[in-house]
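Participant: Have a look at this one before I ask anything.
Just so it is clear, none of the values below were taken in a lab; they were calculated from the coordinates. Small disclaimer: the values here were computed from a predicted structure and weren't measured. Here Cβ is always computed from backbone atoms with ideal geometry, including for glycine, and neighbour counts include all displayed protein chains.
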């Protein structure tokens, strides 16, 4: 009987020690202690020194002024513009004089004709289905960080849009705008550079802010613009 009592006491001590010890959870914890750790598992808070953004708020939602038909979307953290839409010098053997802007809508390219059989080629965003157009215009006005007043037709489709937005980084016209003839169409920058190479606008030609500044500095008022 004495040996039985000692064995029982020893088992109790070992069990208490096992219960007091952490085995890291999971199957080993269950095997050694009989405890199911699952209901008590808590997430470990990240170390703010090594993971300073782990508990940051999610990216803010923003109203998409430049994309008719969409009300809000998550702003992408980063999207890389495909290589073919980056600014580059290409050969040109067309009939148009240096200084002419040629917009190839189906290919999503804008060409600024240069002397010596060359052209600067820029990637662009174009009108979405139903908003495509073609023709010959001239640059009638140039503006830096232009204000934006959505035309009445756009406000009818998108009554949520502001009636006026001052120029700045959040303005959908971006850093520069070249106004085409007496139309509402413009070649302009964008606050959504990831849309370059896509058909998303209401007929305007979009460029990255870096590219539209480059084009703006090379283009004079009166320059011919051919949209095909």
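Participant: Given the Cα-Cα distance of residue 118 and residue 132 and 0.36 nm per residue of separation, how much length would full extension add, in nm? Don't jump to the answer; show the numbers that get you there.
Facilitator: Details: separation 14, 0.36 × 14 = 5.04 nm, distance 2.70 nm.
Taking 0.36 nm per residue and subtracting the Cα distance, the gain is 2.3 nm.
Participant: For segment 126-177, just list the percent of Cα-Cα distances falling in each 5 Å bin from zero outward, please.
Facilitator: 5, 16, 18, 23, 26, 13, 1
Participant: Mind ordering 194-202, 87-95, 133-141 by average Cβ neighbours within 10 Å, highest first?
Facilitator: Ranking, from highest mean packing down: 194-202, 133-141, 87-95.
Participant: Measuring from centroid to centroid over Cα atoms, what is the spacing of segment 168-202 and segment 108-159 in Å?
Facilitator: Answer, in whole Å: 6.
Participant: Just to be sure I understand the model, the point goes 7 Å from the Cα along the line to the Cβ. What's the resulting residue 143 to residue 199 distance in nm?
Facilitator: The two pseudo-label positions are separated by 2.8 nm.
Participant: Relative contact order for segment 86-227: what is it in percent, counting Cα pairs under 8 Å that are at least 6 residues apart?
Facilitator: Reported relative contact order: 29 percent.
Participant: Moving on to the next point. Give me the extension gain from residue 217 to residue 163: residue separation times 0.36 nm, minus the current Cα-Cα distance, reported in nm with one decimal.
Facilitator: That pair, residue 217 and residue 163, stretches by 16.5 nm at full extension.
Participant: Looking only at segment 172-187, which residues have a backbone nitrogen under 17 Å from a spot 7 Å from the Cα of residue 210 in the C-beta direction?
Facilitator: In segment 172-187, the label zone of residue 210 (backbone N under 17 Å from the point 7 Å along Cα→Cβ) covers 174-176.
Participant: Which FRET efficiency, nearest 0.05, do residue 184 and residue 86 yield, Cβ-Cβ r, R0 25 Å?
Facilitator: Working: r = 28 Å, r/R0 = 1.14.
Once rounded, the FRET efficiency stands at 0.30.
Participant: To continue, here is another question. What is the extension gain from residue 107 to residue 93, computed as 0.36 nm multiplied by their sequence separation minus the C-alpha to C-alpha distance, in nm to one decimal? Mind dumping the intermediate values first?
Facilitator: On the way: separation 14, 0.36 × 14 = 5.04 nm, distance 1.74 nm.
In short, 3.3 nm is gained.
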